[in-house]
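The next block holds one structure in the form of structure tokens; read it before the comments.
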Amino acid sequence: MSHRYIAAIDQGTTSSRCIVFDEAGSIVSVAQKEHRQIFPKPGWVEHDAEEIWANVLDVVHGALQKMSITVHDLAAVGITNQRETTVLWDAETGVPVHNAIVWQDTRTDQLVRELAADGGQDRFRAKCGLPLATYFAGPKIRWLLDNVPGVRERAERGEVLFGTMDTWLIWKLTGRHVTDVTNASRTMLMDLATLDWDDELLAAMGVPRAMLPEIRSSAEVYGHATGTLAGLPVASALGDQQAALFGQTCYAPGEGKCTYGTGSFLLLNTGEQPVQSANGLLTTVGYKIGDQPATYALEGAIAVTGSLVQWFRDNMGLIASAPEIETLARTVEDNGGCYFVPAFAGLFAPHWRGDARGVIAGLTGYITKGHLARAVLEATAWQTREVVDAMNADSGVELTTLRVDGGMTANNLLMQFLSDVLDVPVVRPIIAETTCLGAAYAAGLAVGFWPNTDALRENWHRAAEWLPSMEAGVRERGYRKWQKAVQRTMDWIDEDDE
Amino acid sequence: MDGRNGRAAGADRTPEGVGRAAWSKVDPASFDNVERGCTVIRMPGPIQSIERAAAILRLLASGARKMGVAELATALGLPKGTVRGILRTLQHVGFVEQSQDTGKYQLGAALFHIGSSYLDVNELRTRALNWSDSLAARSKESVRIGTLHEGQVLVVHHVFRPDNSSQVLEVGALLPAHASALGKVLLANDPLDQLDDAGLVGFTPATCTDPERLREMLAEVRARGWASDVEEMVEGEVSVAAPIRDRRGVTVGAIGISGPIERLCGMTGEDARTPRVELVSYVREAARAISRDLGAIPW
């Protein structure tokens, strides 16, 4: 018996994981390893790409060992990754020229403002679907070219290569320099229509084409691994949120999912045409299977959801572990009139206000830590509501069901409240690990482990469902108060603030 | 329950204080033992011997060193006989241990369990999420995770049967402990013995309502590591469960599947009332995987 399983590598922001799946899409084995978060200055976040590569090898072997299987039992491996995190390395030696700059890093703030001064924040939106912001890979490449001595000249000669984490791992595994359309769509350098690097965008960002990987589909055999995983086909790459969309089997226009993690990301399949957003959402590539046309998606990013619970745990010390917030929240019946808008680094979709900072509104002497715990959880639901409203407006289609995944879906109180404020059923699939599952599915399609997406849909099963039970009046009053609280976060940062 | 929405929301509401339930209920009889031989004060106010016992425990906890009766008596200004009596009772309930060689005393293992056994049920659900999903996918049956709550099973997690039929989330529901596989696993591994002899209600002809026979069954469950209920709660339904343990080996919950007897049991003869071996192994593997994540198994 060989080729019984598919492995997925999830190279995430805080850890790398490997999950092995069987043909039914069930988890067979998991291994995980955290890596260091490097903070050289306030607002700067870096990862050691060599450490990540070592961890990835460790977790793949770890997952195989746990099940007493070998690389020969795997039909293929797929990759999903933290998006936008940028690494440059020496093409000859394979040594990174600098730590990877992580998506959260805001060092390109000044650069992004300069670029926006000439044509506005949305000057590239029509082509790449994205507003100018520090998250995306393009400005990070530019910063490295400007700040690491000698790198620009060598990059122009193709001696220094760029990659997001998918590209870095595929290069380390197979020696090929490629990326997939979903990761490329987060660089600000790719034209959404042609799915190729765009000369105008490259010129504006000051990035030489010679250092860029070849853009391929999300599901094809990029190459075969060498080294300890020799012979293993590396057969998919998807940014983490796109992988979750794929793992949730959102293959038809109008189908969407929201992944609840540190931040939360709502993606809606919009079919074979990119939809430009008038409501502060991002236009991105959803996935591309081999030679088939690309599928596009609208994306609403919410910066602070799970991380607000972590903040509540670590900075306030009111709970010992994140899941305990549900226990604390259930000590009270409602939020007691208290609303928490966690605009810790400004407001993201759909507001995009960098001058906003967090508020707790509606405080009275009545409020207890239980009410605050409720307000913390409810913040995630209300922020989702704002993004869903924007998505309905942009796409012209009303969301009828929200598919959810991620760690916070274990929180029944939050999931019920989410269903209540959206007034639609909220459904969790049987595999909450949709990110890894999506990468496994794409890799499995590429090597014929699964015949087509219909077979994958048959693997999707409802594990839990929460139905709306809130009166319309209560919902509307709550949303009104939330929106008032949001208004109170704005215009907080002044010109002379550091 | 009326209306599916109402039920989902209502069932979801966890009874108050449930998180600490498994360990918060202390049998008053154990205190009577402490009082035997002393003056029992039947009025509000501090009970002297409990205060003294607490002082002994605090003293033993204050240093790494073991202490003898004379040392403790001197430190507390009490007669040696009094201290010895209290120590004997504390030793009986496992709160202190006496060294075989020196005769000196130290804090007992049971005390550590009481202090740290509490595992938040919401944390248990979070940690068990992947494995309970996997179990539902492999067994093709619904999965529940339960903890003991005042002698009943509180459902803290529920994964739907993966057939996309309409099902209602039963988190927060209570099940009879003696008539469910989850309950039997929890009772069999419950150090506080929450089995209520008088509360053994018969739901079907197969329900075990005889406390003696039930205790024998629980001993068997404890020995073999899993439990089943064959039409003991609902006619035609079968459940299978296994214990979830934490790093100290304490049972913090149980995970199990349930479904119709035709799917869960064999086809003929004796097999027709015996859960299928592969389903039992799926349940036990899931329980072990969660226990491993909680640190119970060091590999």
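Among the residues of region A:132-166, write down those that are open to solvent by less than 20 Å² (accessible area, probe 1.4 Å), in a helix (DSSP H, G or I), in contact (Cβ under 8 Å) with a residue 60 or more places away in the chain and within 28 Å of A:Gly263 (Cα to Cα).
A:Gly138, A:Pro139, A:Ile141, A:Met165, A:Asp166
A:Thr409 is checked against (1) out of contact with any Leu (no Cβ under 6 Å at 6 or more places or on another chain); (2) in a loop (DSSP other than H, G, I, E, B); (3) closer than 29 Å to B:Phe160 by Cβ and fails just one. What number does that condition carry?
Status for A:Thr409: all satisfied but (2).
Which of the numbered conditions does A:Glu326 fail, given that it passes all the others? Conditions: (1) open to solvent by 10 Å² or more (accessible area, probe 1.4 Å); (2) modelled with pLDDT of 90 or more; (3) within 14 Å of chain B (Cβ to nearest Cβ).
The failed condition is (1).
Taking the options B:Ser116, B:Ser142, B:Ser134, name whichever one is within 30 Å of A:Pro323 (Cα to Cα), in contact with a helix residue (DSSP H, G or I) (Cβ under 8 Å, 6 or more places away or on another chain), at pLDDT below 90 and within 14 Å of chain A (Cβ to nearest Cβ).
Within the list B:Ser116, B:Ser142, B:Ser134, the selection yields B:Ser134.
Residues are listed down the side, and each one gets a yes or a no for (1) assigned to a strand (DSSP E or B); (2) out of contact with any helix residue (DSSP H, G or I) (no Cβ under 8 Å at 6 or more places or on another chain):
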site	(1), (2)
A:Leu308	no, no
A:Gly317	no, yes
A:Ala322	no, no
A:Phe340	yes, no
A:Ala349	no, no
A:His371	no, yes
A:Arg403	yes, yes
A:Ser419	no, yes
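Output the qualifying pairs, or none if there are none: Cβ atoms under 6 angstrom, residues six or more apart or on different chains, first residue in region A:54-65 and of a type in the set (D, E, K, R), second residue open to solvent by 40 Å² or more (accessible area, probe 1.4 Å) and modelled with pLDDT under 95.
A:Asp58/A:Lys33
Considering region A:213-264 alone, what residues qualify as being hydroxyl-bearing (Ser, Thr, Tyr), in contact with a strand residue (DSSP E or B) (Cβ under 9 Å, 6 or more places away or on another chain) and touching a residue at least 60 places away in the same chain (Cβ under 8 Å)?
A:Ser217, A:Ser218, A:Ser236, A:Thr249, A:Tyr251, A:Thr259, A:Tyr260, A:Ser264
B:Ala128 - would you say it is touching a Ser or Thr at 6+ places or on another chain (Cβ under 7 Å) and either crowded, with 24+ Cβ neighbours inside 10 Å or facing chain A (nearest Cβ under 10 Å) (or both)?
So B:Ala128 fails the test.
In region A:461-473, which residue that is outside any strand (DSSP E or B) and either more than 8 Å from chain B (Cβ to nearest Cβ) or free of Cβ contacts under 8 Å to residues at least 40 places away in the same chain (or both) is surrounded by the most Cβ atoms within 10 Å (Cβ to Cβ)?
A:His461
What number of residues in region A:206-242 are among the charged types (D, E, K, R) and assigned to a helix (DSSP H, G or I)?
2
Checking B:Glu220 against (1) in a helix (DSSP H, G or I); (2) free of Cβ contacts under 8 Å to residues at least 60 places away in the same chain; (3) open to solvent by less than 10 Å² (accessible area, probe 1.4 Å): exactly one of these is not met. Which one?
(3)
Do the conditions hold for A:Gly25, that is, is it within 12 Å of chain B (Cβ to nearest Cβ), surrounded by 16 or more Cβ atoms within 10 Å (Cβ to Cβ) and assigned to a loop (DSSP other than H, G, I, E, B)?
Yes: the conditions hold for A:Gly25.
Tell me which of these A:His72 doesn't satisfy, since it passes every other one: (1) on the phi < 0 side of the Ramachandran plot; (2) open to solvent by 10 Å² or more (accessible area, probe 1.4 Å); (3) at pLDDT below 90.
It is condition (3) that A:His72 fails.
Please go through region A:410-455 and give me each residue that is within 12 Å of another protein chain (Cβ to nearest Cβ), more than 13 Å from A:Phe21 (Cα to Cα) and polar (S, T, N, Q), ordered by number.
A:Asn411, A:Asn412, A:Gln416, A:Ser419 - these are the residues of region A:410-455 that are within 12 Å of another protein chain (Cβ to nearest Cβ), more than 13 Å from A:Phe21 (Cα to Cα) and polar (S, T, N, Q).
When you scan region B:185-192, do you find a residue that is away from every other protein chain (no Cβ under 14 Å), of a type outside the set (D, E, K, R), closer than 28 Å to A:Thr327 by Cβ and open to solvent by 40 Å² or more (accessible area, probe 1.4 Å), even just one?
yes
The values are calculated or read from the model by the stated rules, or taken from the named source; none is laboratory data. Since the model is a prediction, treat every value here as computed from it, not as a measurement. All Cβ positions, even for glycine, are placed from backbone atoms using ideal geometry, and neighbour counts span all protein chains on display. Ligands, DNA and RNA are stripped out before the accessible areas are found, and what is left, the full protein with its side chains, is counted by its heavy atoms. Shrake-Rupley method; radii C 1.70, N 1.55, O 1.52, S 1.80 Å.
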